[in-house]
Amino acid sequence: MQIFFDRRQLAHAPALELHNGGWAEHAEKPSRAEIVCERLGACETVRDFGRSPLARAHTADYLDFLETAHTRWIAAGRSGDAVGYTWPVVRRRPLDLDRIDALLGRYSYDAGTPITADTWEAAYWGAQTALSALAPLLDGSASASFALCRPPGHHAGADYLGGYCYLNNAAIATQAARDAGHARVAILDIDYHHGNGTQDIFWEDGSVFFASIHADPSTDYPFFWGHADEAGDGAGAGATLNLPLPRGTKLPAYLDALEQALAAIAAFDPSLLVLSFGADTFEGDPISHFAITRADYATIGGRIAAAGLPTLIVMEGGYAVAELGDNVASLLDGFTAR
Ligand code: OKP
Ligand code: ZN
C-alpha cells in the first residue's frame, strides 16, 4: 500500500486545550504522526494541488479566516495560541465582525482547537496529503492508499473548526473524487468520535454516503451530533447512517455495526470508499472508551477490504502515541492481506 506523508504537518503543535475545566496539555501532538511514519517506513512525496480543492469543501471566507487568524491574534496584542471564548448560539445572524475573538467564535464550536502560528501550514499540507493519496486511486494505478494526515479533519465543517480539526481532509478528498468523475462516493468513519464536520458537509448531498461508527454522543464528544436518528436531509435524505455504540464496546459488537455500515455502503453502490480511520477506539486510548485491541485492527481492516472498493484511508484520531504505529500498521496489514 502506498503511504503519503508530509513533514510540514508536524509544525502545528498547540500547547493547551480546555479540558474538564482547566488547561491541559494538548492530546493531538506532532509525535502522533512521526511515530506512525517511522513504523510504516518509506512514504510517497506529497504534491501541491493548490487551494481550489480545499474551497470545494470549505467556504472561501473560512479559508481566509484560518489562514490569517493567528496573525490577527498577534496584531491584537495577544501571544501564544488563538482560542475563542464567545460562541453565537442564541438568535445567531451573519454579522460582519472584525474583532479576532468574534471571528474565533464565528468559525469554531469548541475550545479544544487552538490556532497556532503554524496551523494553516500544517493543515494545508494535511489536505494536500489526502489529495496526493487520492491521485493513484483516480488514475487507477493503485486500489488502496493511506494518507497520514495531521491534524485530523472529520470534525471540521464547511465554515468551522473544532475537535482538533481545521481542514476536513476526508471531505476534501471525497469532493475531489466527485469532481474527477466518481458519481457516488462512500465515506466510512471509524474514529471513536462522530465525524460531525464530514456529516454536515455532505448532509444534503445524495452523491456521498456517510456512515459512522462511534461512541454514543449521549456520553461522548461531540454530544450534539451522531445520534442514530440523524440521516441527512433534502437530496441527502437517507445518505447518512449513524451507528453509535456504548462505552466499553469490544470487537464482536463493533463488527456487527461494521457489517451494517458495509451493507448500507454496498447498497449505495459507490465507485470509491474513503475511510476516516481513527485509532482512538483502542483499549489503551487516553481520551476514549472502547476496547479494540491491536490484533482487532487487522480484523477490521480485512473486513473493510472485503468490500472490494478502491479505498483511500485517511488518518483521523488516535492518542495512545506509543501504540499508535503498531495499531495503524495492524489495520493496514489486515487490509492488504485480504
Ligand atoms: C478528535 B478526533 C476537552 C475534550 C474535547 C475533543 C476530542 C476530539 C477528538 N478537551 N475532546 O475525533 O479524534
Ligand atoms: Zn476521535
C-alpha long axis of helix 169-179 to longest principal axis of the chain, angle in °: 70 degrees
Determine, from the Cβ-Cβ distance of THR293 and ALA337 and an R0 of 22 Å, the FRET efficiency 1/(1 + (r/R0)^6), rounded to the nearest 0.05. 0.85
Gained length - VAL89 relative to GLU204, 0.36 nm times residue gap less alpha-carbon distance: 39.2 nm
When 1/r is averaged over all different Cα pairs and the result inverted, which Kirkwood radius in Å belongs to the range 63-144? 14.8 Å
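Let a ≥ b ≥ c be the square roots of the eigenvalues of the Cα gyration tensor of the chain; is it rounded (a/c under 1.5), or, if not, prolate (a/b larger than b/c) or oblate? Kindly include the intermediate steps, with their values, before the conclusion.
Values: a/c = 1.37, a/b = 1.34, b/c = 1.02.
Rounded is the answer for the chain, as its axis ratio a/c remains below 1.5.
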Can you sort LYS29, LYS250 from fewest to most other Cβ atoms within 10 Å of each residue's own Cβ? LYS250, LYS29
Where a label projected 7 Å from the Cα of ALA55 along Cα→Cβ would reach, residues of the range 162-187 with amide N under 20 Å: 166-181
Could you identify which residue out of LEU251, LEU103, LEU95 has the top mean-square fluctuation in a GNM of the chain using Cα springs shorter than 10 Å? LEU95
How far is helix 294-305 tilted, in degrees, relative to the longest principal axis of the Cα atoms in the chain, given as a value from 0 to 90 rounded to the nearest 10? 80 degrees
Regarding the range 237-338, what is the average projected area of its C-alpha convex hull, in nm²? 6.4 nm²
Using only Cα atoms, locate the centre of the range 62-83 and the centre of the range 197-272, then give the distance between them in Å, rounded to an integer. 34 Å
Mean residue ellipticity (222 nm) of the chain, computed from DSSP H runs ≥ 4 via -39,500 (n - 2.57), nearest 500: -11000 deg cm²/dmol
Semi-axes a, b, c in Å (a largest) for the range 89-218, each sqrt of 5 times a Cα gyration tensor eigenvalue, come to 27, 17, 15
Working from Cα positions, state the angle (0 to 90°, nearest 10) between the long axis of helix 30-40 and the longest principal axis of the chain. 20 degrees
I want to check the label-to-label distance for SER271 and LEU16. Put each point 7 Å from Cα in the C-beta direction and report it in nm to one decimal. 5.1 nm
Compute the length gained on full extension between ASP48 and ALA180: take 0.36 nm times their separation in residues and subtract their Cα-Cα distance, giving the result in nm to one decimal. 45.9 nm
Pairwise over distinct Cα atoms, reciprocal of the mean inverse distance: report the Kirkwood radius of the range 148-264 in Å, one decimal place. 14.2 Å
What are the residues whose amide H is under 5 Å from the amide H of LEU241, where those residues sit 5 or more places off or on another chain and H is modelled from the backbone? PHE210, ALA211, SER212
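Rounded, prolate or oblate for the range 1-68? Axes are the square roots of the Cα gyration tensor eigenvalues, ordered a ≥ b ≥ c, and the cut-off for rounded is a/c under 1.5.
Note, shape of the range 1-68 comes out oblate.
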If exposed chymotrypsin sites (Phe, Trp or Tyr not before Pro) are those in a DSSP loop with at most 15 other Cβ within 10 Å, what is the longest stretch of the chain that has none? 86-222
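Every read-out reported here was derived from the displayed coordinates using simple, explicitly stated rules and does not represent laboratory data. Every value quoted in this text rests on a predicted model; they were computed, and no experiment measured them. So basically every Cβ, Gly included, is an ideal-geometry build from the backbone, and we count neighbours across all protein chains shown.
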